[in-house]
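No lab work stands behind these numbers, since they all come straight from the coordinates. For clarity, every value in this text was computed on a predicted model and none was experimentally measured. Heads up, the Cβs are rebuilt from the backbone with ideal geometry, glycines too, and the neighbour counts pull from every protein chain shown.
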Amino acid sequence: MPERITIIGSGPAGWTAAIYAARANLEPIVYEGAFTEDNRVKGTLPLGQLALTTEVENFPGFPSGDLSAYLDDSIDEKKRKYMAPHMKEGVSGPELMELMRQQATNFGARIETDDIVEVDLSVRPFRLKSLNGNEFESHAIIIATGARANYLGLESENRFKNMGVSACAVCDGAMPRYRGKPLVVIGGGDSAMEEATFLTKYASKVYIVHRRSEFRASKIMAERALANPKIEVKWNSVIDEVLGDETNGVTGVRIRSSVDSEKTEDLEVTGYFAAIGHTPNTDFLNGQLETNDKGYIKWTVSHRTNTSVDGVFAAGDVADDHYKQAITAAGSGCAAALDAEKWLTAQGIE
Ligand code: NDP
């Protein structure tokens with residue numbers, strides 16, 4: 001029997017779609033992703049990007065304050081003990097994701113901790129294949145695979161991945177090599193501000209290297225970073241090379257002025273954190289869905305989550321190069337489940 005609805009992805013869009021589809025008695029199956037080294041390096045582990053952040057200050061319903069009793073009650077004890085103990089600052093990204101996952105499970109969503117690696121959207125029902133070798137069919141699909149952090153693509157950057165080069169301060173920042181040492185963050189958006197501010201907890205100093213003379217980040221986050229005495233901004237600068245050796249990993253970066261290309265400076269750092277935007281996770285689709293010029297899945301009907309293939313819906317960051325917020329992802333996950341439910345009914349699939 002084909003699945004009625006398969007949800008691929010496990011961020012706010014995927015879980016919200018799962019909650020709505022489960023409550024509509026569609027018994028959705030969620031492919032939440034696999035815990036592979038490849039996914040870890042790419043930043044595409046289960047629970048998505050929120051699992052790689054700290055406090056989430058702007059998700060409605062989770063005000064600052066001690067939510068620990070509520071979290072203790074709602075999250076499985078085994079998982080809870082590995083999470084931030086008794087937060088005093090609202091909810092953290094991993095906690096929010098665990099809560100959403102639990103909520104979907106409570107309504108009957110089934111979960112596979114596995115990646116979908118191949119889909120055939122040219123046949124009905126659609127065919128899907130997972131990393132663990134599951135091959136199955138599904139009438140409707142919701143793609144909620146999100147986006148992953150970009151790197152600059154320098155050869156030297158690649159060489160030191162896992163040896164001081166990272167795109168996730170929250171995942172890696174507490175490692176011994178970063179403690180009490182100077183670090184560098186690349187970028188001028190909210191991610192760069194958040195990562196730099198977070199890293200000041202551990203680092204002796206954090207440089208932000210930005211290619212322009214003003215930040216793209218929201219005012220509040222930029223001001224917070226600029227007011228931090230441990231943060232120094234290198235304006236109008238780009239990374240020329242990540243410096244280091246096989247034994248020590250990253251030992252520094254060579255930056256070059258973006259206004260005077262003759263001017264370079266070496267910064268001594270033990271860690272390099274890229275915060276230069278994101279790429280949507282669409283590789284497994286092999287070009288079968290229309291995308292925009294940045295590679296994000298196109299919604300083909302105004303104010304709906306339909307894609308270029310009838311019966312395939314998209315939600316969250318994989319289809320959003322504009323808002324990219326947890327709450328907008330959750331909202332479009334809800335919309336995708338409602339759109340898919342209506343579509344299944346119209347097809348006579350109960
Ligand atoms: P953004 O696209 O907003 O910013 C990317 C930054 O990287 C820009 O400053 C850009 O420079 C720079 N950049 C991009 N490519 C290169 C390159 N090749 N070389 C050097 N610099 C480069 O991405 P973010 O990840 O920061 O944010 C994405 C979205 O997520 C935003 O909507 C943001 O608001 C949101 N977000 C919200 C947070 C929160 O509210 N807590 C936290 C983190 C993200 P330039 O400015 O010159 O283009």
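Worth a mention:
- Residue among Ala196, Trp299, Ala167 farthest towards the positive dipole end of the chain, charges placed on Cβ: Ala196
- Here the peptides 58-66, 318-326 are ranked by packing, the mean other Cβ count within 10 Å, and the order with the highest first is 318-326, 58-66.
- Extension gain, Val301 to Met83, is 74.5 nm, computed as 0.36 nm per intervening residue step minus the present C-alpha separation.
- Alpha-carbon centroids, the range 164-225 and the range 20-85: separation in whole Å: 24 Å
- Net charge contributed by nearby residues that have their C-beta within less than 13 Å of Phe160 (K/R +1, D/E -1): -3
- Cross-link reach is defined here as a Cα-Cα straight distance under 27 Å, omitting same-chain residues fewer than 8 places apart; for Lys129 the lysines meeting it are Lys42, Lys294, Lys298, Lys342.
- Taking the number of Cβ atoms within 10 Å of each Cβ as an exposure proxy, the fewest-first ranking of Met193, Met83 is Met83, Met193.
- Mean separation of Cα contacts under 8 Å (6+ apart) over length of the range 302-350, as relative contact order %: 39 percent
- Cysteines in the chain that, by Cβ-Cβ distance, have no pairing candidate under 4.7 Å: Cys334
- Gain on full extension, evaluated as 0.36 nm per residue between Ala174 and Ser64 minus their Cα-Cα distance, stands at 37.2 nm.
- Where N is the number of residues in the chain, Cα Rg divided by 2.2 N^0.38 Å: 1.04
- Each listed q (0.22 Å⁻¹) maps to a log10 I(q)/I(0) for the range 232-350 from the Debye sum over equal C-alpha point scatterers, namely -1.15.
- Bridge orientation summary for the range 141-286: considering DSSP beta bridges with both residues in this region, about 50 percent are antiparallel.
- For the chain, the antiparallel share of DSSP beta bridges with both residues in that region comes to about 50%.
- Sorted fewest first by neighbouring Cβ atoms within 10 angstrom, Ser237, Ser156, Ser261 come out as Ser261, Ser156, Ser237.
- Shape of the range 155-274, Cα gyration tensor, a/c cut at 1.5: oblate
- Placed amide H near Arg304: partners under 5 Å, 5+ positions off or other chain: none
- Three-way shape label, the range 1-134, alpha-carbon gyration tensor, a/c 1.5: prolate
- Segments 286-295, 166-175, 24-33 sorted - mean Cβ within 10 Å per residue, highest first: 24-33, 166-175, 286-295
- Of the trypsin sites (Lys or Arg not before Pro) found in the range 95-188, those in coil by DSSP whose Cβ has at most 15 other Cβ atoms within 10 Å are Arg179.
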